[in-house]
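The values are calculated or read from the model by the stated rules, or taken from the named source; none is laboratory data. As the structure is a computational prediction, the values presented were derived from the model and not from experiment. All Cβ positions, even for glycine, are placed from backbone atoms using ideal geometry, and neighbour counts span all protein chains on display. Surface areas here come from the heavy atoms of the whole protein model, side chains and all, with no ligands, DNA or RNA. Shrake-Rupley method; radii C 1.70, N 1.55, O 1.52, S 1.80 Å.
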Amino acid sequence: MPKERGKSVYDCDICGKSFSKKGNLTIHRNIHTGQKPYHCDICGKSFSTNSTLAIHKRIHTGEKPYHCGICGKSFSQRNTLTNHKHVHTGEKPHHCDVCGKSFSLVNTLNVHKNIHIGEKPYHCDICGESFSRNNTLTAHKRIHTGETPYHCDTCGKSFPHRNTLTEHRRVHTGEKPYHCNICGKSFSQKSILAIHMHIHTGEKPYHCDVCGKSFSQKPHLSAHKRIHTGEKPYHCDICGKSFTHKNTLSNHKPTHTGERKYHCDICGKSFSRNDLLSVHKRIHTGERPYHCDICGKSFSRSHHLTAHKHIHTGEQPYHCDICGKSFSHRSTIAVHKHVHSGLKLYHCDICGKSFSQSSKVNLHKRIHTGEKPYHCDNCGKSFSYKTNLTIHRRTHTGEKLYHCDTCGKSFSHKNTLTLHKQTHTGLKPYRCDVCGKSFSQSFKVTLHKRIHTGEKPYHCEICSKSFSCKSNLYTHKRIHTGEKPYQCDNCDKYFSCKTNLTHHKLTHTGEKPHHCDICGKSFAHRSSITVHKRTHTGEKPYHCDICGKSFSRNGDLAIHKLVHTGEKPFHCDICDKSFSVRVNLAKHKRIHTGEKPYHCDTCEKSFSQKEHLTKHKLTHTGEKPHHCDICGKSFTHRSAVTVHKRTHTGEKPYHCDICSKSFSRSGDLSTHKFIHTGEKPYHCDICGKSFSVKVNLTKHKRIHTGEKPYHCDICGRSFTQKGHLSRHKCIPSGVKSSL
């Protein structure tokens, strides 16, 4: 029996607690016995006191009889109203005697004290985790049961905690009651304000005990630790993919549903996440709020700034656990791992091509749509990829960010530097599985294989010509447009192809960096030495599929094929004469212009063609490097040997289509045709006389000039023509010549 002290004091004989009323002692005893005699007739829940049952029923009825006279807010319990009023008064009457911190509620103080003593008296009977507060344990148990008893009356969404519901409702109301007293920014949750304050203070109180890295938020530290443990606790219930962060899983799920509920009110583009929409809008506003404190560069996204800083630090914190390769960006290592798995989850719905990244599908589709959304504000040129625009802009600025640490050479593109480094290492990791040839780049293998397959997927829509390489198609189109965008800064000459400009510049410098290891001859271009070496090896890898003739150069084969087709696509705009080769047209035009750009540095004589100058120089040196293998006769030019051999073989490959007469030289055929046409295209500018052959005009002009270039080495007499000198030499000494 409880001991009675005085008239109105009742003591509990179990714990010794005292009560002024016997009924209160009876209710108290239920704590020790666990008895709950009062039951809710709606949900069946039991309580130890009738008053607690009455308060509980208000959850079902929604009754809130206690009202705040300041803000009008209503509550189901009186003590909850009392505690609420402290929000308005700011009163915190309960103080911690350890650290001095103040609280508006006594139970909040009691919970706080557990921090100092480390006490966690409430234990989960499912997983064993301990808590300092009973309501925290109750909330925790909902993780196991999946219970979400608090419902939003606006959208119907359910939550396991009441305060989570309260915070959620602010999404609908837009309420942001917590304000930063430094920058004035407002927040819907007190905890978010606390996190925000770390931006101003720079405080990072949470430290990783593995690598020592610090974080401003505890969940960021928890997420970071999963990098070390490899833990991925969030699983997609559709494809089974696992993630280290819950929000990453949430972002992943729309890839299956295709849902995009956030729309840009400027361009109408849709997004699966609100934060992606916010970032997208910066394309329209040009806003770049994240600045590098080292170089001052600005970025529209924080993770772009983080990734950029790795350029300065050289840090590569992400490592592939298969091959050990390191990367500066997490996204890069995720893409890299697809190299090992071969996984390509994303497919183009137009052509069926597969990709390892969804972003690559979107970029690929621009090939089909022709979309080029990125524009250069200097020249107006458009690009389908943002990176191509960034690289293109360097042509205007001249910026070269990437430097070779071996030779110091600088480059505007990172991949160009990577390729350049292979000139030092000689590395060629990509091999053709047909012929075994090795290449320094994977795309070069793809292009090379088209030699074996004959594939030419790129077609000119003007003349229908096909090409195996896209860049060759672009260069070809300039034949139709006449565009020559590459200018020499020495002589202002323009070129349609960048490589032609590069080759041309060597004519100014005289540089010949490529040497033949057989004869020592030097060349300005690597391709020239490759072709030259075939003169030593006799290799002729290009074959005509019509007559079987072989050539050492692809260009020579292309020109040869025009013999079979009769095609002459290059026309003179002065006389309408046609040519099968562009260079022959250029040479021909000099007949009209009188241009002779090649000068002999010995006698200062000028020539319209380079090969004429080369032949002429041999008259000064007397060199005859080309020999007939039948009679041993020597010649200054290879073509002369070819023509000479026909005197032994009797070959006359050039036929007149009028009288069927044959000739051993094409020039002789051209001269012969003037007999049929009566054409005399060569005119003397002194007397007006015309000739069908140019050499006859040259001989004729000597009548006017008195020039006699051929001299007898016996008597010293001079003649205007070589034939006259030859006849003179045949006359016996002492006999007077009539010449």
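When only residues in region 411-441 that are open to solvent by 80 Å² or more (accessible area, probe 1.4 Å) and in contact with a strand residue (DSSP E or B) (Cβ under 8 Å, 6 or more places away or on another chain) count, which is nearest to residue 400 (Cα to Cα)? My answer is 414. For region 87-105, residues that are at pLDDT 80 or above and in a helix (DSSP H, G or I) total 2.
Name the single residue, out of those in region 142-159 being part of a helix (DSSP H, G or I) and open to solvent by 70 Å² or more (accessible area, probe 1.4 Å), that is nearest to residue 191 (Cα to Cα). Checked region 142-159; the qualifying residue nearest to residue 191 (Cα to Cα) is 143.
Pairing residues of region 300-326 that are closer than 15 Å to residue 290 by Cβ with residues that are part of a helix (DSSP H, G or I) and open to solvent by less than 80 Å² (accessible area, probe 1.4 Å), at Cβ distances under 7 Å and at least 6 apart in sequence or on separate chains, gives 300/279; 300/282; 301/279. Here 162, 170 are screened, and the one residue that is open to solvent by 90 Å² or more (accessible area, probe 1.4 Å) and closer than 22 Å to residue 86 by Cβ is 162.
Within region 339-354, residues that are without any contact (Cβ under 8 Å) to a residue 40 or more places away in the chain and within 20 Å of residue 252 (Cβ to Cβ) reach partners that are of a type in the set (S, T, N, Q) and open to solvent by less than 80 Å² (accessible area, probe 1.4 Å) with beta carbons closer than 6 Å, at six or more positions or on different chains, in the pairs 344/354; 344/356; 346/358; 347/354.
Results for (1) more than 24 Å from residue 559 (Cα to Cα); (2) surrounded by fewer than 11 Cβ atoms within 10 Å (Cβ to Cβ); (3) touching a strand residue (DSSP E or B) at 6+ places or on another chain (Cβ under 9 Å); (4) not acidic (Asp, Glu), shown as yes or no for each residue.
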| residue | (1), (2), (3), (4) |
| --- | --- |
| 594 | yes, yes, no, yes |
| 605 | yes, no, yes, yes |
| 609 | no, no, yes, yes |
| 614 | no, no, yes, yes |
| 625 | yes, no, yes, yes |
| 629 | yes, yes, no, no |
| 634 | yes, no, yes, yes |
| 640 | no, no, yes, yes |
| 644 | no, no, yes, yes |
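One residue stands out in region 654-680 among those that are open to solvent by less than 50 Å² (accessible area, probe 1.4 Å) and in a loop (DSSP other than H, G, I, E, B): the one that is modelled with the highest pLDDT, namely 656. Candidates 135, 79: the one that is in a helix (DSSP H, G or I) and farther than 25 Å from residue 195 by Cβ is 79. For region 468-483, the set of residues classified as under 24 Å from the mean Cα position of the chain (by Cα), outside any loop (DSSP other than H, G, I, E, B) and of a type in the set (A, V, I, L, M, F, W, C) consists of 473 only.
Taking the criterion of being under 22 Å from residue 637 (Cα atoms), in a loop (DSSP other than H, G, I, E, B) and either open to solvent by less than 80 Å² (accessible area, probe 1.4 Å) or in contact with a Leu (Cβ under 8 Å, 6 or more places away or on another chain) (or both), would at least one residue in region 553-569 satisfy it?
Scanning region 553-569 turns up no residue that is under 22 Å from residue 637 (Cα atoms), in a loop (DSSP other than H, G, I, E, B) and either open to solvent by less than 80 Å² (accessible area, probe 1.4 Å) or in contact with a Leu (Cβ under 8 Å, 6 or more places away or on another chain) (or both).
Taking the criterion of being modelled with pLDDT under 85 and either in a helix (DSSP H, G or I) or exposed (fewer than 11 other Cβ atoms within 10 Å of the Cβ) (or both), would at least one residue in region 263-275 satisfy it? Looking for residues that are modelled with pLDDT under 85 and either in a helix (DSSP H, G or I) or exposed (fewer than 11 other Cβ atoms within 10 Å of the Cβ) (or both), one finds at least one in region 263-275, hence yes. For region 183-236, filtered to residues that are touching a His at 6+ places or on another chain (Cβ under 8 Å), in a loop (DSSP other than H, G, I, E, B) and touching a residue at least 12 places away in the same chain (Cβ under 8 Å), the residue that is most open to solvent (accessible area, probe 1.4 Å) is 204.
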